[in-house]
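Following: one structure in structure tokens, then a few remarks.
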Amino acid sequence: MLLTNAQLVTLQNDDSFGLIGDGVVALEGAKIAWAGGASDLPDAYRGLEIHDLGGRLVTPALIDCHTHVVFGGNRAAEFELRLNGASYEQVAKAGGGIVSTVSATRAASEDALLADALTRVDAMISEGVTLIEVKSGYGLDRETELKMLRVARQIAKVRPINVRTSFLGAHAVPAGCADADAYIDDVCIPTLRAANAEGLVDAVDGFCEGIAFDTAQIARVFAAAIKLGLPVKLHAEQLSNIGGTQLAAKFGALSADHVEYATDADASALAASGTVAVILPGAFYTLRETQSPPIQAFRDHGVPMALATDCNPGSSPLTSPLLTMNMACTLFRMTPLEALLGMTAHAAQALGAQDRGRIVAGARADLNVWDASHPAELSYRIGFNPLHSRIFKGSL
Ligand code: DI6
Ligand code: FE
């Protein structure tokens with residue numbers, strides 16, 4: 001297939017949108033065979049079936065590299081209680097908080113979890129997402145963690161989207177468990193091994209925070225992951241700085257996520273380890289945080305920044321990658337180029353999927369066609385979806 005009469009946003013490198021005015025993309029199977037200006041099209045591709053895109057904008061498809069889309073129930077009632085003045089204690093007494101999501105997730109069948117997750121995934125697909133990461137972490141016991149990961153795998157069987165799973169057993173200490181160390185050693189790590197034995201784990205994540213696990217506990221989970229040959233990533237420095245970013249760098253993590261409280265030294269460590277900083281404005285917005293991530297330090301040290309929805313029922317009930325891009329620009333002063341790279345090439349890097357996210361020969365043919373004339377429009381408009389069509393693995 002030959003896509004013609006397109007305005008290409010190639011993102012061939014990180015310095016510019018890589019715009020090509022009268023552009024053509026030749027697709028062969030699931031891959032991009034050639035991309036460039038119409039006048040340079042090699043003869044070999046001239047015979048392919050032509051799809052005239054009417055001058056529309058073409059970008060790499062979007063990638064959401066940090067989501068918790070599989071969970072039971074929702075927390076709208078808790079949201080309402082809080083806005084009516086209830087304290088955290090009252091919310092907890094009314095059965096709210098992460099504990100309520102764990103109970104609802106344990107109680108739900110695989111079919112029910114899948115049906116719920118698909119409502120969120122479909123919203124993402126409608127904005128041009130072709131690859132999502134999905135975490136466990138609302139089970140906190142062996143049976144439910146594995147159930148969540150099976151549902152995550154199922155998503156890619158019933159929708160035209162790719163899924164990368166992350167084991168997040170170290171998300172919270174389950175209710176009724178007094179000893180976080182015992183949970184890590186006796187439940188979390190054995191569950192990781194069981195999930196990996198079933199082929200359910202692509203990476204291992206943790207929540208390194210005062211209200212969750214410290215660096216010593218996460219280090220034990222990471223050591224177990226490395227032994228299994230699995231890459232690691234971390235929720236780090238979201239609400240405070242307790243050394244999670246440095247730990248992620250030390251383990252050569254794919255990404256350090258949130259990083260609002262990261263320092264210049266943390267940025268330098270991420271640069272040295274080739275770790276992506278994943279920026280999550282949805283949680284910052286929902287929690288009405290005031291500490292912004294050190295975007296300029298990431299720029300200065302050359303740390304690639306990805307951008308994701310963090311879709312979860314508590315701190316970021318967000319399913320729109322386009323709104324996420326707008327938030328990153330308005331709240332954190334990221335540029336529209338950084339926002340688009342964050343949802344494409346840099347998100348791919350955060351998942352170890354460098355075969356996609358840019359319009360270059362040899363890359364996966366996952367592309368979006370937009371009713372837009374300049375890529376900055378994708379970040380600029382609010383509550384607007386200009387997606388015209390989505391190409392997944394070379395098919396419209
Ligand atoms: N970071 C967060 O903000 C949450 N989890 C995480 O790792 C919140 C999860 C929840 O409240 O359900
Ligand atoms: Fe998260």
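The values are calculated or read from the model by the stated rules, or taken from the named source; none is laboratory data. Please read all numbers here as calculations on a predicted model, not as lab measurements. Here the Cβ positions follow ideal geometry from the backbone for every residue, glycine too, while neighbour counts run over all protein chains shown. Note: areas computed on protein heavy atoms with side chains; ligands, DNA, RNA excluded. Shrake-Rupley method; radii C 1.70, N 1.55, O 1.52, S 1.80 Å.
What the chain shows is 38 Å² of accessible area per residue, with the surface traced by a 1.4 Å probe over protein heavy atoms. Entry note, the range 155-221: relative contact order of 43 percent, from Cα contacts under 8 Å with a spacing of 6+ residues.
For Leu228, the solvent-accessible surface with a 1.4 Å probe is about 60 Å², rounded to the nearest 10. Each listed q (0.15 Å⁻¹) maps to a log10 I(q)/I(0) for the chain, found by the Debye formula over equal Cα scatterers with no solvent: -1.35.
Summed over qualifying helices (DSSP H, 4 residues or more, each -39500 (n - 2.57)) and divided by its residue number, the chain shows a 222 nm mean residue ellipticity of -10000 deg cm²/dmol. A 1.4 Å probe, protein heavy atoms only, puts the accessible area of Phe222 near 0 Å². A Förster radius of 41 Å combined with the Cβ-Cβ distance from Arg299 to Asp22 puts the calculated FRET efficiency at roughly 0.80. Shape call for the range 160-277 from the C-alpha gyration tensor, a ≥ b ≥ c root eigenvalues: rounded (a/c under 1.5), prolate (a/b greater than b/c) or oblate? Since a/c reaches 1.5 but b/c is at least a/b, the shape of the range 160-277 is classed as oblate. Taking every alpha-carbon pair under 8 Å whose residues sit at least 6 apart, the range 185-234 reaches a relative contact order of 44 percent. Of all DSSP bridge pairs formed entirely within the chain, close to 40 percent run antiparallel.
Would you mind calculating the relative contact order of the range 270-396 from Cα pairs under 8 angstrom and at least 6 residues apart, reporting the percent as a whole number? Value for the range 270-396: 22 percent. I'd like the FRET efficiency for Ser395 and Asp179, computed as 1/(1 + (r/R0)^6) with the beta carbon distance as r and R0 of 51 Å, rounded to 0.05. The calculated FRET efficiency here is 0.50. Amide H to amide H distances under 5 Å link Asn368 with Thr59, Ala61, Ile391, where only residues 5 or more positions off or on other chains count and H is placed in the peptide plane. Between Leu228 and Asp52, residue separation times 0.36 nm minus the direct Cα-Cα distance comes to 58.6 nm. Length gained on full extension, Ala38 to Ser87: 11.5 nm, using 0.36 nm per residue less the C-alpha separation. Between Asn74 and Arg381, the modelled labels are 2.5 nm apart [label points 7 Å from Cα along Cα→Cβ]. With each label modelled as a point 7 angstrom along the Cα→C-beta vector, the Lys157-Ile211 pair spans 3.6 nm.
Take the solvent-accessible surface of the protein heavy atoms, probe 1.4 Å, and return the percent of it on the range 1-140 that carbon and sulfur atoms account for. That fraction is 51 percent.
Estimated at 0.36 nm per residue, the fully extended path between Arg333 and Ser268 surpasses their Cα-Cα distance by 21.4 nm. Computed from label points 7 Å out along Cα-Cβ, the spacing between His388 and Gln291 is 4.5 nm.
Distance from the alpha carbon centroid of the range 180-205 to that of the range 300-329 works out to 27 angstrom. Taking trypsin sites (Lys or Arg not before Pro) as exposed when their DSSP state is a loop state and no more than 13 other Cβ atoms lie within 10 Å, the longest site-free interval of the chain runs over 47-287.
Only one residue of Ala194, His171, Ala219 has its Cα farthest out toward the positive end of the dipole of the range 158-222, where Lys and Arg carry +1 and Asp and Glu -1 on Cβ, and that residue is Ala194.
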